[in-house]
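**Student:** Got a structure here, written out as structure tokens. Questions coming.
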Amino acid sequence: MDKEDNKHVKREMKITILGGRRVKVTLPELRAELNCIISQAVSLVYPTREVLRYTDSSTAKEHSSGVVTRDGVKVKVMQVKLEDGPVDVIQLDFSYGVSSALSLMNTMEEMGPNANNICGTRVVTSHAGAKDLMMVVTSTTELKASDKVGLPKDPELTFVDYFKSRYNVDLKPDGPIVKCKDPRRSTRSLPFPAEVLRSLELTPAQFNSLSDICSIYPDERRTKVLASYNRIRNSEAVTAFLDQYGIKLMGDTLLTVTGRVLPVPKIYVPNGNGFTWLDPLNPKYTRQAGFMEGVATVSHAQSRATYKVDHFLMDNFFKGTRIVEFLKKYHVAIPDPELTDFRNEHGNDKTVCMVKLENTNEDVYNRFKANFALRKTVSQMIVKEPIKVIPQMIAQQVAAKIGQMNWVVDPTEIAPKTVGSKPLVIIGLHVSLAMETVGKGRTTVKTRNLLVTCVAFLVEGKRWQPYCNHRRVQGNIVQTDEENKQVSTGTRVTPSEVANEQFDAFLREIVTVFDLKNKKEGTTLLYRTCPGEGEVVVAKGLAPMIKAALPTWEYAVLSAQVHTGTRLLWKFSASPKFVNAPRGFSSPMGIDAVYNDSVHTFILSGSFCELGNSANTCYVVLHHTAKVDKAELEKFTYALCFLYPNKADALPLPLPMKCASEYAKKFLSFQHLTELPPEMRRSMHYL
């Protein structure tokens, strides 16, 4: 029962424990219970939990860039489909936990009078070995390490004495004390010496060094995965723990799957009098730049922009660059530039603004981007010096932003059964979550915000027209006082609930903008990004909305799980070591059995990557009408991976998913923009 006492709600519950009984451990029925048991077992070897990853502080290694890495694993048990039927497996992926090598004490010294800004920083302890903790700094204090801890049993004990006797750590007596708490638990904040804490938030230089420090080649990843697995399996503590549940880890054989390499699509580039096509498999296009050389001849003389531009405002910095030259060469539908001081001007609708930023400061970028969007203005922010090929890349990006795509594919060639000569609408739907924390005196208020982004393209042959919008949804608000008492108001909604609620409104917009009611036949493909299995299943509610809005159209709803933890390795005669699976490899095997009741599933290696970091996305076809061909759906999904305007090559995600994801990244922090101004919705402003 609930009892209300002023603002607090006290909940009393009665729990009855049933008698013990034997349970047969089976998958996928007891999947959640088994994963809890396995995770607890893994924590006996990798004791520090970092969100979904477990790390081992004893493997910490400091690098010259000022970064410390720790070996970590993500582990999951599941049942997968193979050629001979379902198999129960343990999935283990190796990765690194990273933190700054600099102690929080040194960081605070560098910050000087701004040291209070350290609050909210995520940190990890560096003194307790196996018992290191991940925490968040909640406040600074006036205490020093020479002050008393305040233990009831030993009131005279100082922080210096405590850490020396307990952990054999010598603290500087004048070192500052900060208060921290575990963000996953509703515990009160506890004092910690800043000297034993390391920040998990890296500087831009440290972050840039991770590509060298944390990159793992496929053959090396295979070795590390097997070594980590055998370390867990051979641990006496793990064996004893699992024996209590009648569980044994058997064998160390990697799974083998079969599949097919999908054909690379023809890429069509506008030439002012139709299109020129190019083959991405041409040897000169298989280097780092992809087929950028083939796009250098693009001409939009006959291409129509979907975002009409009356004014082009440009920072004085660009006056002597070649950007305008390439805008004219490509026949981008944009007027001559007007030199502008952006300290006072942010444009209005039917305007493109081009601004030079001094550095990659995220706050400055967000401030400009938000101000432009509030004034219905499409913007292009530039940090790099406009030299070499950068001016032509900027010109091509401006063209794409106003709806003149620099290269496309033709769905009537790739999926003739599914699309034919009818119009095609492709939709990407994405939900992002953010927690906004505001301190008011000794009270902390956390607001849970969700941002739903929807990106759509109407495709008729080689003519592609974009549309986009977003909706911001406020979830529950949690207020915490100095005694750590919490009061929650509002409704705690899930990303899936919000996506399903908002999609119907998005779909009505798309039908109206593209005048789909007057197109009696067509095909709609919806790609919904999902972080986990639960959201994939809930996405089934989207199909009836498409059927209701476009009753005579064909459609397919695909839910895509990006972070599957699955790595595909391949060994062929020309290579003595394992490498990544070839780009375009698709397989219906090795996929979680939780999706067994779906129409069709496949895992796809969307991009070429020599490192072992490539993402293999799992696509779950939740619904499709009879005329949608499943094999064509795979081929077209792969073709969409080649279309993101910022990269003349295949990316791990298809165009609508990548666009919706990038849109969310840029607009998640813009609290005052509940939806996109109508004047901007026909642009690709998020590039």
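Taken together, the values in this text are just the output of simple stated rules run on the coordinates, not laboratory data. From a predicted model like this one, the values you see are computed outputs, not experimental measurements. Here the Cβ positions follow ideal geometry from the backbone for every residue, glycine too, while neighbour counts run over all protein chains shown.
**Student:** Projected area of the range 224-353, taken from the Cα convex hull and averaged over every viewing direction, in nm²?
**Tutor:** Computed as one quarter of the Cα hull surface, the answer is 17.4 nm².
**Student:** Same structure, new question: What number results when the radius of gyration of the range 524-637, computed over Cα atoms, is divided by 2.2 N^0.38 Å?
**Tutor:** Cα-based Rg divided by the globular estimate yields 1.18.
**Student:** Give me the log10 of I(q) over I(0) for the range 405-676 at q = 0.09, 0.10, 0.16 Å⁻¹, as the Debye formula computes it from C-alpha points; what are the numbers?
**Tutor:** With one equal scatterer per Cα and no solvent, log10 I(q)/I(0) is -0.46, -0.55, -1.23.
**Student:** How big is Rg to Rh over the range 116-189, alpha-carbon atoms, Rh as the Kirkwood inverse-mean-distance radius?
**Tutor:** That ratio is 0.96, to two decimals.
**Student:** Given the rule -39500 (n - 2.57) for each run of at least 4 DSSP H residues, summed and divided by the residues of the chain, what is its mean residue ellipticity at 222 nm, to the nearest 500 deg cm²/dmol?
**Tutor:** Rounded to the nearest 500, it is -7000 deg cm²/dmol.
**Student:** Hey, what's the per residue convex hull volume over the C-alpha atoms of the range 304-401, in cubic angstrom?
**Tutor:** Hull volume normalised by residue count: 92 Å³.
**Student:** Output the direction-averaged projected area (hull surface divided by four) of the convex hull of the alpha-carbon atoms of the range 171-261, in nm².
**Tutor:** 12.6
**Student:** While we're on this one: Averaging over all projection directions, find the projected area of the Cα convex hull of the range 275-340 and quote it in nm² with one decimal place.
**Tutor:** 6.0
**Student:** What fraction of the DSSP beta bridges in the chain is antiparallel, stated in percent and rounded to the nearest 5?
**Tutor:** Within the chain, antiparallel bridges account for around 80 percent of the total.
**Student:** Using the C-alpha gyration tensor of the range 244-307, what are the square roots of 5 times its eigenvalues, in whole angstrom, with the largest one first?
**Tutor:** 48, 16, 11
**Student:** Using only the Cα atoms of the chain, what semi-axes does the equivalent ellipsoid have when each is the square root of 5 times a gyration tensor eigenvalue? Give whole Å, largest first.
**Tutor:** Rounded to whole Å, the semi-axes are 44, 33, 27.
**Student:** If you add up the charges near Ala333, with Lys and Arg at +1 and Asp and Glu at -1, over every other residue whose beta carbon is less than 12 angstrom from its beta carbon, what do you get?
**Tutor:** Charge balance near Ala333 sits at +4.
**Student:** Apply the a/c threshold of 1.5 to the C-alpha gyration tensor of the range 101-258 and tell me whether it is rounded, prolate or oblate.
**Tutor:** oblate
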